[in-house]
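What follows draws every value from the coordinates through simple rules; no lab data is involved. These figures come from a predicted structure and were not determined experimentally. FYI the Cβ positions are ideal-geometry reconstructions off the backbone, even for glycines, and counts take in every protein chain you see.
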Amino acid sequence: MPPHLRPSRAAPAFREHDHDACAGDVLARADTLDREGKLRLTPVRRRALEILLEAHRALGAYEVLDRLASDGFGNRPPVAYRALEYLVEHGFAHRIRRLNAFAACMIPDEPHAPDFFICDSCNAVAELPGGDTRARLDDAAARIGFSVSRASVEATGICPACAEGAA
């Protein structure tokens with residue numbers, strides 16, 4: 001795993017890092033899968049992914065739609081929703097239910113159950129692999145005879161930058 005995605009390190013959204021490399025790695029992976037025929041990255045899907053990768057923050061579908069429209073991709077809501085749902089379905093974006101928004105997946109080539117840390121102030125979203133969280137959840141579910149099919153952890157609070165700004 002690239003150093004900027006190692007779970008033992010601080011979440012990229014909440015620390016100084018080479019964001020161009022961070023976003024570039026995800027976009028390069030999408031381009032590779034597209035070339036291999038494993039992903040159909042249309043111009044609107046690619047642009048939607050680029051928009052999500054511009055910052056580690058959640059964006060609503062209408063924010064993405066506004067950006068797509070300004071780039072000439074049309075201004076009808078299905079344009080954005082279809083692109084975003086495709087990216088979610090193929091592991092390049094996550095739906096952040098708490099915010100009714102979307103964020104780029106920073107670990108697109110690894111199956112994972114991420115934990116999201118969402119800043120209440122700036123909506124920055126940090127994604128960390130949530131394997132340990134999911135394992136604990138599955139263990140608890142098994143004890144009561146329940147089988148978890150989908151889970152997402154969305155923790156809210158204040159990111160380091162906002163906390164520093166408030167101090």
**OP:** For C162 and N100, calculate 0.36 nm times their separation in residues minus their Cα-Cα distance, and state this gained length in nm to one decimal.
**Re:** 20.2 nm
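For the chain, what is the calculated [θ] at 222 nm in deg cm²/dmol (nearest 500), taking -39500 (n - 2.57) for each run of four or more DSSP H residues and dividing by its residue count?
On the way: 6 runs with 71 residues, N = 167.
Value at 222 nm, helices only: -13000 deg cm²/dmol.
Which residues make up the longest stretch of the chain that has no trypsin sites (Lys or Arg not before Pro) in a DSSP loop with at most 14 other Cβ atoms within 10 Å? Mind dumping the intermediate values first?
Details: sites that count: R9, R15, K38, R40, R150.
For trypsin sites (Lys or Arg not before Pro) (loop position, at most 14 other Cβ atoms within 10 Å), the longest site-free span of the chain is 41-149.
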**OP:** Would you pull out the residues with amide H under 5 Å of A93's amide H, same chain only if 5 or more places away, H placed 1.01 Å from N?
**Re:** V88, C105
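Once the Cβ-Cβ distance between D139 and E50 is put in as r, and R0 is 35 Å, what FRET efficiency do you end up with, to the nearest 0.05?
Values: r = 39 Å, r/R0 = 1.11.
Calculated value: 0.35.
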Original post:
Which FRET efficiency, nearest 0.05, do A21 and C122 yield, Cβ-Cβ r, R0 25 Å?
Top reply: 0.70
**OP:** Note the listed values [x] 31, 19, 15; [y] 33, 19, 12; [z] 26, 20, 17, then indicate which one is semi-axes √(5λ) of the Cα gyration tensor in Å calculated from this particular structure.
**Re:** [z]
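Calculated FRET efficiency, S147 and E89, Cβ-Cβ r, R0 30 Å, to nearest 0.05?
Numbers: r = 22 Å, r/R0 = 0.73.
Plugging the Cβ-Cβ distance into 1/(1 + (r/R0)^6) gives 0.85.
Please give the charge dipole size of the chain, origin at the Cα centre, charges +1 on K and R Cβ atoms and -1 on D and E Cβ atoms. Round to the nearest 20 debye. If you can, show how the numbers build up before the last one.
Working: 21 positive and 24 negative charges, 104 e Å.
Approximately 500 debye in magnitude.
Mind checking segment 23-79 for GluC sites (Glu not before Pro) that DSSP puts in a loop (not H, G, I, E or B) and that have at most 15 other Cβ atoms within 10 Å?
Numbers: sites: E36, E50, E54, E63; in loops: E36, E54.
Here the GluC sites (Glu not before Pro) that fit, given the DSSP loop and packing criteria, are E36, E54.
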Original post:
So what are the ³J(HN,Hα) numbers for segment 128-133, from phi and the Karplus equation (6.51, -1.76, 1.60; θ = phi - 60°), rounded to whole Hz, Gly and Pro as x?
Top reply: 10, x, x, x, 5, 4
